[in-house]
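What follows is one structure encoded as structure tokens, with my remarks underneath.
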Amino acid sequence: MGIVQPIATRRSATGILTGKLAVWWLIGSEIVIFGGLLASYIMMRLLHGDWANEAEHTNVVIGATNTFVLLTSSLFVVLSHYWAEKGDRDKAFKYMWLTILGGALFLCFKSYEWTHEIAQGYTISKSLFWSFYYVAAGIHGLHIIGGVVIMAFISFDLKKGKNMHRAELIGLYWHFVDIVWIFLFPLLYIAK
């Protein structure tokens, strides 16, 4: 008798596997959250010309570095999924941990950046720009933390050859987190 998949991964009335459908529903709800936040930011930015002065104090080099780190980590999660599909547990595990490393590097750079900005007096209460900056980047950071923790759990199943389909599911989530950063980076760092 072969390996029996849990009913949640094989049952589907929509033609989409239940786990994948759940991730897409999660991403849809997250789009509403980030979409509202970004729309509010853009409207406030258009109404307050002084925000450009505040945005000049963000660290574009760290923001660009974090963009590179996240995009590279997206490549690694794709490779993890690829090797999981091929049944290569070791490579799937390795690339999942390279993705986790990318998330951890992002958080380290962000911690350094925030420590430096706060030391210079750019705190969440300094202005409306900094409030949006810390809230948007903070919510994004929490999503990075959540993704890294989930990937760590998934990686050990990959190493055992169990639930290999989860590499794709966490990959979908991770790509969403990257896409959000692709919007945040120019809005918070470049548009001055």
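Quick notes on this one:
- Pairs where the first residue, in the range 18-31, is among the basic types (K, R) and the second is surrounded by 14 or more Cβ atoms within 10 Å (Cβ to Cβ), C-beta under 8 Å, 6+ apart: K20/E168; K20/L169; K20/L172
- The numbered conditions (1) under 26 Å from V77 (Cα atoms); (2) surrounded by fewer than 21 Cβ atoms within 10 Å (Cβ to Cβ); (3) modelled with pLDDT of 95 or more are all true for W114 except (1).
- Where a residue in the range 76-103 is more than 12 Å from G171 (Cβ to Cβ) and modelled with pLDDT of 95 or more and its partner, wherever it lies, is polar (S, T, N, Q) and part of a helix (DSSP H, G or I), with Cβ under 7 Å and at least six apart: F93/S155; W97/S155; G102/T72; G102/S73; G103/S73
- Selection status of A92, under 20 Å from I190 (Cα atoms) and crowded, with 18+ Cβ neighbours inside 10 Å: no
- Of all residues in the range 131-145, those that are of a type in the set (A, V, I, L, M) have Cβ atoms under 6 Å from Cβ atoms of residues that are modelled with pLDDT under 95, 6 or more apart or on another chain, in A136/L37; A136/L184.
- Picking from residues in the range 117-140 that are under 15 Å from N59 (Cβ atoms) and in contact with a helix residue (DSSP H, G or I) (Cβ under 6 Å, 6 or more places away or on another chain), the one that is modelled with the lowest pLDDT is F129.
- The conditions of being under 24 Å from L21 (Cβ atoms), modelled with pLDDT of 95 or more and buried (at least 20 other Cβ atoms within 10 Å of the Cβ) are not met by G171.
- Of everything in the range 149-167 that is buried (at least 20 other Cβ atoms within 10 Å of the Cβ) and in a helix (DSSP H, G or I), the residue that is farthest from the chain's Cα centre (by Cα) is L158.
- Criterion (closer than 30 Å to H165 by Cβ, among the charged types (D, E, K, R) and assigned to a helix (DSSP H, G or I)) met by exactly one of K94, K110: K94
The values are calculated or read from the model by the stated rules, or taken from the named source; none is laboratory data. Since the structure is predicted, the reported quantities are computational estimates derived from the model, not experimental observations. Quick reminder, even Gly has a Cβ in these numbers, built from the backbone with ideal geometry, and neighbours come from all protein chains shown.
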